[in-house]
Structure formats: C-alpha cells, structure tokens
Amino acid sequence: IAPRAQPAGGRPRGPAIKRKKKAATPGAPAMADDDGVCRYEGLVLPLAGKSEQEWPNGLRIVLYMLGLFWCFMGVGIISDVFMTAIEKVTSKKMHLKNKETGKMYTYEVWNPTIANLSLMALGSSAPEILLNVIDIFAKNFFLEGLGPSTIVGSAAFNLLMIIAVCIVAIPNGEVRYIKEMPVYVVTATCSIFAYVWLLIILMGTSPNVVTAWEGILTFLFFPILLVTAFAADKGYFGAFDKQDSPYSICEESTKEEFAEAAAAIRREHGHNLTDEQVARIMMATNTKRRSPAHYRVAAIRSLCGGRRLKTVRRSLTSKLSKKLSFLGHKRVMPVDADDDSLEPTSWIQFLAAQYVVLESCGTVMVKVIRGGDLEHPARAKYQTKDGTAAATSDYHAVEGWLEFARGETEKTIEIKIVDDTTYEKDEDFFVLLSDVEAEKPADEKGKRGKCVIGDNSQTRVTIIDDDDPGELSFEVEQMTAVSTLQDFKFPIKVLRRNGGCGTVSVQYRTEGDSAIAGRCFDATSGTLTFADQQSEAVIYVNIKGVARYAQVDKFRVIVSDPEGGVRLNRETDGGEDSNIVTITIAADEETKKSVDTVSSMLAAKWEKSMIGHRSWADQLKAAVLVNGGEDDDDDDDEGGGKASIIDYVSHGISMPWKMLFALVPPPDYCGGWVCFFCALVMIGLVTMIIGDMASLLGCVLGIPDDITAITFVALGTSLPDTFASKAAATMDAYADASVGNVTGSNSVNVFLGLGLPWMMAAIHWQMSGASAEWDSRYQELDNDILGWLGDKGKRQRAFVVEAGSLGFSVSIFSSFAVLCILLLAVRRSLFGGELGGDGVPKWISGGFLCFLWVLYIVLSAWKSLSDQ
C-alpha cells in the first residue's frame, strides 16, 4: 500500500489521528487510499475526473511526469514574457533638468539594485511565490500542498547547484569576482538570515504556529532588504571593491586622493597625458553588464526554440587581467643569506612585477636585482613572451643571459617599444627569468653553491596607446524640428574633438518618446563612420509630414558602442556610455490653422493602437515560427545560427504554450505594466496546474508532497535560472549577475513568497470566529505539537505551520548555505574570484557543492519518510 503523501506543513507528523473518512475534495492533500489508488482532486486536475482514478498506476505516472515537465516548459515561456515586461518597466527613463548645471539629462527611473531585488527577483521566482499565495487562498488559509517546501528546495538548488555550475563553467585560468561587494554582503547575509528566521518563528517563539506579528514582520523584511541593499549600493556601508590598479583608487575615494594619484601618474609617465589615458592606467575599463532578465529570457528561448537574443563577449581589458595563469612557473621565495643553517645562496628576481609605459616611450628599462651571497658570479636567462602585444609589431623581442659579476646587484634589460599611428587597445607582454646559476666551486664536501629565482620571476609590461582618436558628441543636446505637411530629412551633426587619429565609428539609433516611430518619424539605426582626421559627420532622420496644432512630440537619437578607440563625451547627456540628443517636433504656425485639435489627438491614439497591433502580430509570428522566424547565417559570436533539429522539436512541443501566451498584450502598452499584470495572471494559472500535477505525481508514486516539492518542482522551476546564471557567469566580466542574483532571489522568496501569504493567513485566523474545520484539524492534536495555543479542545485559533520535516529541511539548508558562502569567500581569497580558477580546484569546489545538494535531498527525504 502506497504511503500517504502529506503536505509540507499541514498534517501532524506523529501517530495518525483517526478521523472519519470522507470523499476527496478539491485542494485536499494528495493521498492514496488503502487500496493503493490515488483519489486526489485538485483545483484543476484530474481532467478526466474520477474516471481517471481507474487508470493503471504506471500509465498515470508516465502521463503526470510528462505533463509536469510540459507545464514547466509553459511556465518558463510565460516567465519569458513576464521578464520582458519587467525589463520594459525597469528600463524607463526620464528627461529632467539638472538644477546645478541647468542642462537636460536622461535619467533612469529604477535603481539597478532595487530593480534586481524587487521586480527581477519576482520574475525569476514568480512560480514558487505564486504557488504559496494560491495554496493559501485555495485551501481556506490552511497550510497544505507544495508551497513552503518548494521555496526551500528551490533555494537549495539555486545556492548549491547553480553556483556549482557557474564555478566550473568559467574557462580554466580565468576567474570572475563580485564587483559590487557591499550589495552582495547584504543579500548573502539576508539569504541566510531569512531561513534562520523561519526556524525562529516555527521552532522558537511560537512552535508550529505563525502569529500575526511574525507574519507581518516576515513580510516587512522585504522592504527592509530593499532599503539596506540600496544604501549599500550608494556606498553608505563602505566600499569593498577589488583593487586591481597599483594606484589606491576606488569609487568612494575623495577628490584629493584622485588628484594625488593622477599627479603621481603624470610625474612618472609624462605631463602630456590626457584624462582618458590617466584613467586607463588607474584601472581597467568597466563593462556595462546585462540585466538578469536578459539572461533569463535568453535561456528560456534557447530551451524552447524561441527567438535568440544576442550576447556580448567580455571586454578585452577584463581578459588581460587574468592572462598570467598560463605561465605556470614555480615560485621560489628568496633565501636569507644570514641564516647559518643554510649554505651561502643567492637569488635573482625582477625589481617590479609590472611596468606601464606609453607607446611613444621608445625603450622600457626592466631592472633585475640580485641578493643573498654576492661573493661569486651568477647569471640568469631572460626572454620575452607575447601576451596581447605581439613581437615585432608592438615591441622588439629579446633574450639572453644576464651576467652578474662578484658583488654586482643590479642589471637592466632594454626592450624597444614600437610606436605607430594606429589606435590600439592597451596591450601586454611578459619578460621571464629562468635557468639561474651561481659559479661557486665545490667545497670540501663536494657541494656547490646554488642560485634560485626570487618571488618576481616574471614581469608584465603594459603598453598604453597614445594615438588619441578623440571623442564624439552631438553639436547640441536639444534640437527642434518644425513639422511640415511633407516628409523631410532632418540633419543631426556629430562632432569629433580632442583628436582625430585613425578611422573610427559609432552606432546610432532612434528612440521614441512621445513621438511615435512610423507616425512622427522613421525609426533608423546604423553605423556612423569618421575617416582619419574627419571632424564631423551627419545623421539624417526622416521627419514625417504630419499636420499639427499644439502638439509637441519628442524623440531621441542615441549614439553608443564607439569603435576604433574613439570615446563619447562624458559631459553630455548620456555620459560615457552613450550620447543623447533630444529632438522636439513642433508644429508650423501656418499648419496649425488647418488642423483640428480633436482630429490630431484621435489620429495619435489610432496610430498608437495600430503600432500595438503590429507588435501583437510580431508576437503571433514568433509563436508560430521556430526561433521566432529569425535565422542568423553569420558564424560570429553574437549570431544565433540556423535552427537545429532540437530547436524544431522543442518548438513543436512548446508551440501550444507560445500561441496561448502570444495573447498577452505586448510590453509597449502603458510602459510594460499591462503586460506585467497579464503575464502574472497567466503564471498563476499555470502554477495552479503545476501544483495539481505535482501532487498527483507524488500521490501515484507514494511520496509525500514535501519530497515532491524539493525534487521535481524545485528542479523544474529552477532549471531556466541555471542556464541564465551559467550564461551570465561566462559572458559577464564579474560574478554579480550570477552569484548576487541567487542570494537576492533566495531572500525575496522567503520575505515575499512566504511572508505575504503567511501574513494574510495569520491575520485571517486571528480575526476569524468559529471554524469547525479548524477545530476538527487541530483541537485534538497532542500538546507537544500545539500546546503553545492551549490545551486540547480549548485552543485559540491561529495559522498552524507545523515545523516537522519543514523545520528539519530548513535547518539542513541553513547549515549548507553558510558552508557555501564561506567557500565563496575562501575562493575569492585564494584564487582572486568566487567563480572559475584552475581546473582541479574549481572542479573540487563544484563537486563539493553538488555533494551538499544531494546530501540535503537525502536527509530531507529521510526525515519526511520517517515522520509518515
């Protein structure tokens, strides 16, 4: 007889209380009768009703398992739509005037940290969160089903398995470290505190009961997390940035510290350096990272044969900082010659581990020093080795022997640097020491003196290019185009200042505001190219001939992604990442007389509606065609490639879901909020099916709901996050988008996913009157379970969340979470980053986390089955 599958926190885990047997009702716990037949009836399933109960158990297992994974595919697809809406909402910009400068600037409405911990976290964890909310309402504010265990199981999979995948996914020798360390410290601490807090309220303050104040406080931890993370993002808790530059400069440094560092650089390398060159010497160029929504959507579309998203490789600068690992030399520390326990010994090493020179310096002088026993001659072999800089084209390769005479302590290696007029990124090459020897004759015991390599056995030479291609900016930041009844080309001039060396280019595109592309102007994009010494170029935008009365519309032209070394003027609207010019389309005075105000407003609304329908048509097209109908033939890193057989198969399986979810309004409506709420409703509906399907599967398999939740449900809901985090880890220069997103989501799952429904249920039972169902469930339970509420038959009503196997599962996960965070801290200390590293250590780390996850599943399952 199959054991009874019980909910994670609903039924007592001790001797069963005999109750009068009654027919299954929708929403009741999944259980098999004494004859081994599963008669569970959920909110939606079984579709065939009671006749389905007569089907063979083996057939039901296969059908429910296939149906469950198909539903996981469906919830992943609608989460794609949901994430698209979130990306639209959080990317909203405002055009405001700066009170200090009087200039108009484009500002992002959403702080990235707040967006990641609120809407982004909700998007990635929506199925788990909604499963809890739906369960509470559907089951009359009793705790039954999969909800809490799904939260804990997903958290365990996210923290242990996803981070394990991210660690081993990094190529050998490369590392990724967390850049925004203050925010990570907040989210990592909260991700552990959240589950410790569950233990406190379930096993400490009010055993097996969640009171109203506990529910409210659990939910309030969510805004507290947001405020704390925002303060950390703004630098109120201090900076933890990794210092890659030899100059002690970070984001929170004072202006005086920046001035001192800049002066020191100019004294060493020349006073004619530009500000850009000084900044490049101070620190590596930062790359703009993708949002978590981008990686999540890309993962879902890759799994389901959807339209591919383009990704961008990490910057060259971030790669260069990891190049030393290929040298593989054995480090030998200098030997102290004054130590009487050792024979006289000398050591040879480079004076410095790194040199930074301008391309125009002519020659770099690399110094090698000698110490220890100087009574006898010694020599060391040296040679140059290419990094990103190539011999002959960037520098002249040298090799040979350095001969140290008796008492000589210093030698110099001269290396010529090739100066050209072509702009190049900063490049590196290396000088290595090897085969050191000391010419000391053998003593009376036959021993010869030895010479060893010191700590600096190689040095890196970084060549800073000084062929300045200049910087680009729009001639003005505000322009006005006077509308006419005929289309006309509107010129927008882009200027090149502070240099003109080489051929450079920049990408440009239009972005609508109140002006609508297709109605007010023609959307355009492309590449604007400047020849060598060319100082200006023009972008033409076609302005539509539209009759206007008093209507004034705006749109923007944005230039970004400069190539050829040219920079964007950081002092203009948009800053160094992009330059923005805002064009206002105003009405011609003569045209105003012939245009009716009402007609103009109606025409704009009709046109907006037509634009929306075109977007809706694009959604339907993407739902019907494999890969959204976009096959890329190019083989570069950013192309998606032609659709494969797997793409066609996965698209065919998921097409019913795609057709259904194509009915969700596009994110262009109301800034994405209509799509947001419609997609949220769709996720709720699919989650209801998943809850019923998982309960049915656990029922026919004879396993409790909590085991089903931490295995099948947690794995299915977390699989898209696995692929998304892996892509973020390999494509981003830092680990924030992969590791930080996991810790943030785990915190939000408890504070929002459990805090919201538990708060409502606790308040409901505190304010409710008599309840026969509550009395039948809990009044006769043993005092060791609900003694906190009073004696049998006289207990006050409250929201019961029996700790049982849930508390045990949370305890195990909390312990393993601490080990995982400590492991990441140790990896950062030993290898310079939380992710990646050399082959053996990273595989050991990944294997250890996988072992912890398997052990968590085994122990949780053992506890649950023992309580049956």
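Assorted remarks:
- Taking the three principal axes of the alpha carbon atoms in the range 719-783, the coordinate ranges are 59, 22, 21 Å, sorted in descending order.
- Kirkwood hydrodynamic radius over Cα pairs of the range 461-572, then Stokes diffusion coefficient at 10 °C and 1.306 mPa s, in µm²/s: 103
- Taking amide H as placed 1.01 Å from N in the peptide plane, the amide H of E174 sits under 5 Å from that of G837, each at least 5 places away or on another chain.
- Here's how it looks for A523: its modeled amide H is under 5 Å from those of G518, which are all 5 or more places away or on a different chain.
- Pairs from K842/K863; K489/K554; K381/K450; K425/K842; K489/K621; K385/K842 whose Cα-Cα separation, in the structure shown, is over 21 Å: K842/K863; K425/K842; K489/K621; K385/K842
- With a cut-off of 10 Å between beta carbons, the residues surrounding S514 carry a summed charge of -1, where Lys and Arg count +1 and Asp and Glu -1.
- Put simply, the convex hull of the Cα atoms in the range 797-866 casts, on average, a shadow of 6.0 nm².
- The range 196-239 - Debye-derived log10 I(q)/I(0), Cα point model, q = 0.28, 0.29 Å⁻¹: -0.89, -0.93
- Taking a Cβ cut-off of under 13 Å around L159, the surrounding Lys, Arg, Asp and Glu residues balance to a net charge of -2, with basic ones at +1 and acidic ones at -1.
- Cα-only radius of gyration and Dmax that characterise the range 659-706, units Å: 15.7, 48
- The H on the amide N of L568, modeled in the peptide plane, is under 5 Å from the matching H of L472, each at least 5 residues off or on a different chain.
- Farthest towards the positive end of the charge dipole of the range 772-820, among the residues F808, Q796, L786, is the Cα of Q796, using unit charges on the Cβ of Lys, Arg, Asp and Glu.
- Taking all Cα-Cα distances within the range 473-518, those exceeding 12 Å account for 77%.
None of the figures in this text is laboratory data; all of them are computed from the coordinates on show. Computed from a predicted model, the values in this text were never measured in an experiment. With ideal geometry, Cβ positions are generated from the backbone for all residues, glycine too; neighbour counts draw on all protein chains shown.
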